[in-house]
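The values are calculated or read from the model by the stated rules, or taken from the named source; none is laboratory data. Given the structure is predicted, the values throughout are model-derived calculations rather than measurements. No Cβ is skipped: glycine too gets one built from the backbone with ideal geometry, and neighbour counts run over all protein chains shown. Side chains are part of the model used for accessible areas, which takes the heavy atoms of the whole protein and leaves out ligands, DNA and RNA. Shrake-Rupley method; radii C 1.70, N 1.55, O 1.52, S 1.80 Å.
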Amino acid sequence: TRTTRPQRLLQAVSINAVRGDPDSVIKAIDHFCKHTEWAMNVGDEKGAILDLVVMETCPSTVLELGTYCGYSTVRITRLLPPATKLITVEMNPEYAHVARQVIQHAGLQDKVCVLEGESADLIPKMANMFGIQAFDFVFLDHWKDHYLPDIRLLEDCGLLAQGSVVLADNVVCPGAPDYLNYVRYNLKYSSRFYQAHLEYTRVLDGLERSEYQGD
Ligand SMILES: Nc1ncnc2c1ncn2CCOCCNC(=O)c1cc(-c2ccc(F)cc2)cc(O)c1O
Ligand SMILES: [Mg+2]
């Protein structure tokens, strides 16, 4: 039977990236997606913005919704100090399996926990599962119509604190209009838009950075 796109992406990583070197994993995936087969990773242009926002946040606790093949997981985790932990949620078991191998190839497996399941089911259990109060940084990159219900769920579960930063991918393409409305016009958030392009294309897209102002 044919391989899947995530399996072909993983093969490109295992062939072209140096074990234990996150930057070579990132470069191998971007090269594969530019020259062989497009895939829905955040990519190099938006990835550079993601890097800047992570570095200025210096988070101790990170949540990512929508792991896919682990590209953004590697991008974020490579910037985190040793003691920090990143929790990433992926509902597709096949994506999760590939992501674990990509993360392992980068040598970052000890700093990452890949959870399989629906974000809406897992978010209410996280405080108890991991003994955390709030997330310093959240990256939204799963189903675009889940961004709004999930940020509200994070609020209701007390998992956002004053200063928590939520960065959302694809707010232009495929788009998350209800989410944008909420974070831009709700006094609980201070929000700003980073114009960019859909990964590996010239189609307009962007990231929205929203800082929680506290209850
Ligand atoms: N824990 C969870 N809970 C719920 N659902 C979950 C989940 N974990 C996964 N899922 C399922 C959704 O996973 C993938 C979400 N990502 C995208 O759909 C996406 C699509 C494009 C795109 C595609 C085609 C175009 F033409 C133009 C743009 C670009 C992107 O950058 C994208 O991120
Ligand atoms: Mg995306």
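I'm told Arg100 meets every condition in (1) at pLDDT 95 or above; (2) more than 15 Å from Tyr71 (Cβ to Cβ) except one. Can you identify the failing condition by its number?
(2)
Would you list the strands (runs of 3 or more DSSP E) that sit entirely within segment 128-215 and hold 3 or more residues that are without any contact (Cβ under 8 Å) to a residue 40 or more places away in the chain and open to solvent by 40 Å² or more (accessible area, probe 1.4 Å)?
Filter on segment 128-215 gives 189-197.
Taking the conditions exactly as written (touching a Phe, Trp or Tyr at 6+ places or on another chain (Cβ under 8 Å) and either within 11 Å of ligand 1 (Cβ to nearest atom) or modelled with pLDDT of 95 or more (or both)), does Ile151 satisfy them or not?
yes
Taking the criterion of being in contact with a Phe, Trp or Tyr (Cβ under 9 Å, 6 or more places away or on another chain) and either closer than 20 Å to Asp205 by Cα or away from ligand 1 (no atom under 11 Å from the Cβ) (or both), would at least one residue in segment 113-123 satisfy it?
Within segment 113-123, one or more residues are in contact with a Phe, Trp or Tyr (Cβ under 9 Å, 6 or more places away or on another chain) and either closer than 20 Å to Asp205 by Cα or away from ligand 1 (no atom under 11 Å from the Cβ) (or both).
One residue is enough: does segment 191-199 have a residue meeting the conditions touching a helix residue (DSSP H, G or I) at 6+ places or on another chain (Cβ under 9 Å), within 22 Å of Thr73 (Cβ to Cβ) and among the acidic types (Asp, Glu)?
yes
Can you tell me how many residues within segment 74-94 are over 18 Å from Ile123 (Cα atoms) and among the hydroxyl-bearing types (Ser, Thr, Tyr)?
Going through segment 74-94 one residue at a time, the tally reaches 2.
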